[in-house]
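To start, the structure itself, in structure tokens.
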Amino acid sequence: MRFSDIIGQNGVKELLSHGVDIGHISHAQLFAGRCGYGALPLAVAYAQYILCENRRDGDSCGVCPSCYKVAAMEHPDLHFSFPVSNSEFVIKRNTSGSSEITSDSLIEKWREMMNVCRDGDMQNTIPQGYFNESEWYEHIGIGKNGQGIINRSEAYEIIRKFGYKSYEGGYKILIMWLPERMNDSAANKLLKLFEEPAEKTLFILVSQSPDAIIKTILSRTQTVNIPPIGVEDMTDYLSARFPGIDAGAVAKSSQGDILSAHAMAEDNDEDDTNFNMFASLMRLCFAVNHTGLIEWGENAASLSREAQKDFISYSLRMLRDSYMVTVGVPQLNYSFGRHAQFITRFFPFVNNSNIEILISEFERVALELSFNANTKILFVHFALSISKLIRKA
């Protein structure tokens, strides 16, 4: 994967390539950004640039043996770590003798996820490396409410691998996707490795929730913030793949997230879960239908955690766009279609009296979801709370 394969993010690409060119590569880096911003493919492209035998013009060549190996996710000096779960897959025994799944157990699944086209239409296929936690869990067979973990056995494997010299004499690189899923035991095992790495060792942690990473690990990394994809880059990307849509409107509404942009571009009004959930919640709030709100909360609790997080992100966008109309700047309302039509009726209920506390309540739920809160209690309480706040004058 080359930097040229990444959508937008030119500033980050230049920062990363320049650091390599001048020999400034921090041994532990945190790529912080949503999955749809491209943090994971950027990490892979960065690793490929470092390992490339003939890099030029700020990018890897794409044709040398190292580039071919990275593209196939089979370079002997590039290792991956990601959340896993005990399941029907063959259990790999680690050196301590305990039976726990590790990333090596599912590496073929990882390669499939990184390389396979996930849509039937090649034109509309989501680019390589852009997927979220929920899609990964579905791919490896974890239940919709399951959540993976980076466990102690994984830490043992990482320590073992990085106890040897690199195969090809250059850098030895670990890309850990979602380090916020690392448990305390694994973090404690890896701490010394992060503190005293061998020469030419690089750890790249790719996180969408840096605040949830264990502090002792977080404090030893240098953060590279991955921003939303720029509107112009997103518009160009969407125009090429979805002829006929209002690419500019979708680009603005997606807020720089390629996964959200694809979902909006392919939107089917008969199956828009986030919109239906949001509209239903607000209607129940206006009607002060406590029974309905409790049922709504129970239904929300039955969704996968990633679907719940997506709903919160969507709702925050709807609140923001509604508030833009309320304060007299409708040109900053980026919603379109039936989402925009809903806002024309809904916006008076989002005002200076409640906007801050409404946003705080939605963000609180997002945070508690990251800490494995009881979702039934969480969403029922949330629905009843929103009912009071949305009617606040």
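The values are calculated or read from the model by the stated rules, or taken from the named source; none is laboratory data. Everything numeric here is computed off the predicted structure, so don't read it as measured data. With ideal geometry, Cβ positions are generated from the backbone for all residues, glycine too; neighbour counts draw on all protein chains shown.
Considering the stretch 283-393, the qualifying helices (runs of 4 or more DSSP H), each wholly inside and each with 2 or more residues that are in contact with a Ser or Thr (Cβ under 8 Å, 6 or more places away or on another chain), run over 290-301, 305-326, 337-346, 355-370.
Kindly establish whether Asp236 is modelled with pLDDT of 90 or more, charged (D, E, K, R) and buried (at least 22 other Cβ atoms within 10 Å of the Cβ). No. Within the stretch 115-143, residues that are among the small types (Gly, Ala, Ser) have Cβ atoms under 7 Å from residues that are modelled with pLDDT of 85 or more and buried (at least 17 other Cβ atoms within 10 Å of the Cβ) in these pairs: Gly129/Met1; Gly129/Leu40; Gly129/Pro41; Gly129/Val44; Gly129/Met114, counting only partners at least 6 apart in sequence or on another chain.
For the stretch 39-51, the count of residues that are part of a loop (DSSP other than H, G, I, E, B) and not hydroxyl-bearing (Ser, Thr, Tyr) is zero. Can you work out which of the residues in the stretch 360-393 that are among the small types (Gly, Ala, Ser) and free of Cβ contacts under 8 Å to residues at least 60 places away in the same chain is farthest from Gly297 (Cα to Cα)? If we take residues in the stretch 360-393 being among the small types (Gly, Ala, Ser) and free of Cβ contacts under 8 Å to residues at least 60 places away in the same chain, then Ala393 is farthest from Gly297 (Cα to Cα). In summary, helices (runs of 4 or more DSSP H) completely within the stretch 227-270 and bearing 2 or more residues that are within 17 Å of Gly11 (Cα to Cα) occur at 231-241. The residues on offer are Gly38, Gly11, and the sole one that is crowded, with 20+ Cβ neighbours inside 10 Å and touching a Pro at 6+ places or on another chain (Cβ under 9 Å) is Gly38. For the stretch 322-337, filtering for residues that are in contact (Cβ under 8 Å) with a residue 60 or more places away in the chain, touching a helix residue (DSSP H, G or I) at 6+ places or on another chain (Cβ under 7 Å) and either surrounded by fewer than 20 Cβ atoms within 10 Å (Cβ to Cβ) or of a type in the set (Asp, Glu) (or both) leaves 1. For the stretch 288-298, the criterion of a residue being at pLDDT below 90 and either in the same structural domain as Ala366 (by TED's automatic domain parsing) or touching a His at 6+ places or on another chain (Cβ under 9 Å) (or both) is satisfied by at least one position.
The residues of the stretch 153-179 that are crowded, with 23+ Cβ neighbours inside 10 Å and hydroxyl-bearing (Ser, Thr, Tyr) amount to a single one, Ser153. Scanning the stretch 78-110 for residues that are farther than 19 Å from Gly129 by Cβ and either modelled with pLDDT of 90 or more or not polar (S, T, N, Q) (or both) turns up Glu88, Phe89, Val90, Ile91, Lys92, Arg93, Gly97, Glu100, Ile101, Asp104.
Restricting the stretch 193-226 to residues that are in a loop (DSSP other than H, G, I, E, B) and among the β-branched types (Val, Ile, Thr), which is surrounded by the fewest Cβ atoms within 10 Å (Cβ to Cβ)? Step by step, filter the stretch 193-226, then rank; the result is Ile214.
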